[in-house]
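The values are calculated or read from the model by the stated rules, or taken from the named source; none is laboratory data. Note that the structure is a prediction, hence the values are computed from the model and not measured. In this analysis, Cβ positions are derived from the backbone assuming ideal geometry, glycine residues included, and neighbour counts consider all displayed protein chains.
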Amino acid sequence: MNMKTVLVTGANKGIGFEIARQLGAAGCSVILSARNPERGQAAVAALQAKGYAVTWLEMDLGSPESIAAAAEQLTNKGTALDVLINNAGILLKNDQQILEAPADLIWQVLQANAVGALQVVQSFHPLLKRGSRIIFMSSDGGSMSAPVGGWSPVYCLSKTLMNGITRQVAHAMAADGIVVNAMSPGWVKTDMGGSGAVRSVEKGAETAVWLATDPEATLSGYFWRDKQRIPW
Ligand SMILES: NC(=O)c1ccc[n+]([C@@H]2O[C@H](COP(=O)([O-])OP(=O)(O)OC[C@H]3O[C@@H](n4cnc5c(N)ncnc54)[C@H](OP(=O)(O)O)[C@@H]3O)[C@@H](O)[C@H]2O)c1
C-alpha cells in the first residue's frame with residue numbers, strides 16, 4: 001500500500017481507534033481526532049509505541065468553531081489528506097422515546113453525529129485531492145428500508161441524516177474525483193455497542209479500512225456493510 005494520510009474522527013477509542021490501528025499497521029500516516037485530549041494522547045502513544053506514524057488533532061464535532069480551528073491547524077501545516085473517515089458519534093442513554101425526545105437532545109445528537117460530520121467535510125475538503133476518499137460511519141439503525149427497531153430513535157434519525165449527507169456530498173464531489181460512501185459496522189463491542197454486541201472491533205473496522213485503501217473500492221455514493229453494498 002502507498003503511504004496514505006488518513007484523518008479519523010472519534011479515534012481515541014472504540015471502532016475509530018481500531019481503524020487507526022489497522023491503518024497504522026498497514027503503513028498509513030494516521031491523524032487521530034476526538035474531543036477528549038487525555039484519551040487522545042494515550043491512544044496516540046499506544047500506536048506510536050508500535051512504531052506507527054500517528055498524530056493527534058483535538059476536534060469537537062459539537063462545535064463548528066472547533067472544527068474550523070482543527071482544519072486551520074492542518075491547513076497551516078500543509079497537510080494533504082488521502083482519506084477522511086467521519087467515525088465519531090454519540091448514543092445517549094435518555095434517547096428512548098421518539099414521542100418524548102426533548103429538543104435539546106435531538107439537536108445535540110444531530111449535531112454530533114450528522115451535521116458535525118458534514119461540517120468536517122466542509123472544512124477539510126480543500127485538503128483532499130482527486131482519488132481521495134470520504135467515509136461516513138453510519139449504522140443499520142439509519143436504514144430507510146430495514147424495519148424500525150425502536151431503539152435509540154434520535155440516534156437512528158441522525159444516521160438516516162448522515163446517509164442523506166453521504167449522497168449529497170458524493171454528488172457534489174463527483175466532478176473532483178472524490179469517492180464518498182457510508183457504511184455500517186454491524187453491532188460492535190465498544191463503550192457504545194456494549195458487551196452484549198456480537199462483533200469485535202476488528203470486524204467493525206474492517207469495511208472502513210477496505211473503503212479507505214482497497215484499489216477496487218472506487219464506487220461512490222453507496223451504503224456498505226461487510227464490503228457489500230446494502231440498500232439505503
Ligand atoms: N458500536 C456499535 O455497535 C456501532 C454500530 C453502528 C454504528 N456505530 C458507529 O460507529 C462509530 C464509532 O462508535 P463506537 O462504538 O466506537 O463508539 P465509542 O467507543 O463510544 O467511541 C465514540 C468516539 O466518538 C468520539 N466522539 C463522540 N462525540 C464526539 C464529538 N462531539 N466530537 C468529537 N468526537 C466525538 C469519542 O471521543 P471522545 O472520547 O472525545 O468523546 C470516541 O472517540 C459511531 O459513529 C457509531 O455511531 C457503532
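Below are the figures for this structure:
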{"item": "Sole residue being under 23 Å from Lys13 (Cα atoms), away from the ligand (no atom under 16 Å from the Cβ) and in contact (Cβ under 8 Å) with a residue 60 or more places away in the chain, chosen from Asp95, Asp82", "result": "Asp82"}
{"item": "Hits in segment 171-192 - residues which are part of a loop (DSSP other than H, G, I, E, B), within 16 Å of the ligand (Cβ to nearest atom) and among the aliphatic types (A, V, I, L, M)", "result": "Met192"}
{"item": "Which listed residue, of Thr166, Thr160, is under 21 Å from Leu23 (Cβ atoms) and away from the ligand (no atom under 11 Å from the Cβ)", "result": "Thr166"}
{"item": "Which listed residue, of Leu57, Leu47, is of a type in the set (A, V, I, L, M) and either assigned to a strand (DSSP E or B) or within 11 Å of the ligand (Cβ to nearest atom) (or both)", "result": "Leu57"}
{"item": "Residues satisfying the stated conditions in segment 115-129, i.e. more than 10 Å from the ligand (Cβ to nearest atom) and among the hydrophobic types (A, V, I, L, M, F, W, C)", "result": "Val115, Leu118, Val121, Phe124, Leu127, Leu128"}
{"item": "Single condition Met59 does not satisfy, out of (1) touching a strand residue (DSSP E or B) at 6+ places or on another chain (Cβ under 9 Å); (2) modelled with pLDDT under 95", "result": "(2)"}
{"item": "Residues within segment 119-170 that are under 27 Å from Thr79 (Cα atoms) and assigned to a helix (DSSP H, G or I), tallied", "result": "16"}
{"item": "Residue selected from segment 8-35 under the condition more than 12 Å from the ligand (Cβ to nearest atom), part of a strand (DSSP E or B) and among the hydrophobic types (A, V, I, L, M, F, W, C), by the criterion surrounded by the most Cβ atoms within 10 Å (Cβ to Cβ)", "result": "Val30"}
{"item": "Contacts under 6 angstrom Cβ, first residue in segment 205-223 being free of Cβ contacts under 8 Å to residues at least 40 places away in the same chain, partner assigned to a loop (DSSP other than H, G, I, E, B), 6 or more apart", "result": "Thr207/Lys227; Trp210/Ala217; Trp210/Lys227"}
{"item": "Members of segment 96-120 that are farther than 17 Å from Gly16 by Cα and surrounded by 22 or more Cβ atoms within 10 Å (Cβ to Cβ)", "result": "Val109"}
{"item": "The listed residue being buried (at least 19 other Cβ atoms within 10 Å of the Cβ) and either closer than 25 Å to Ala103 by Cα or within 14 Å of the ligand (Cβ to nearest atom) (or both), out of Ser152, Ser132, Ser200", "result": "Ser152"}
{"item": "So Trp224, is it farther than 23 Å from Asn12 by Cα, surrounded by fewer than 17 Cβ atoms within 10 Å (Cβ to Cβ) and within 13 Å of the ligand (Cβ to nearest atom)", "result": "no"}
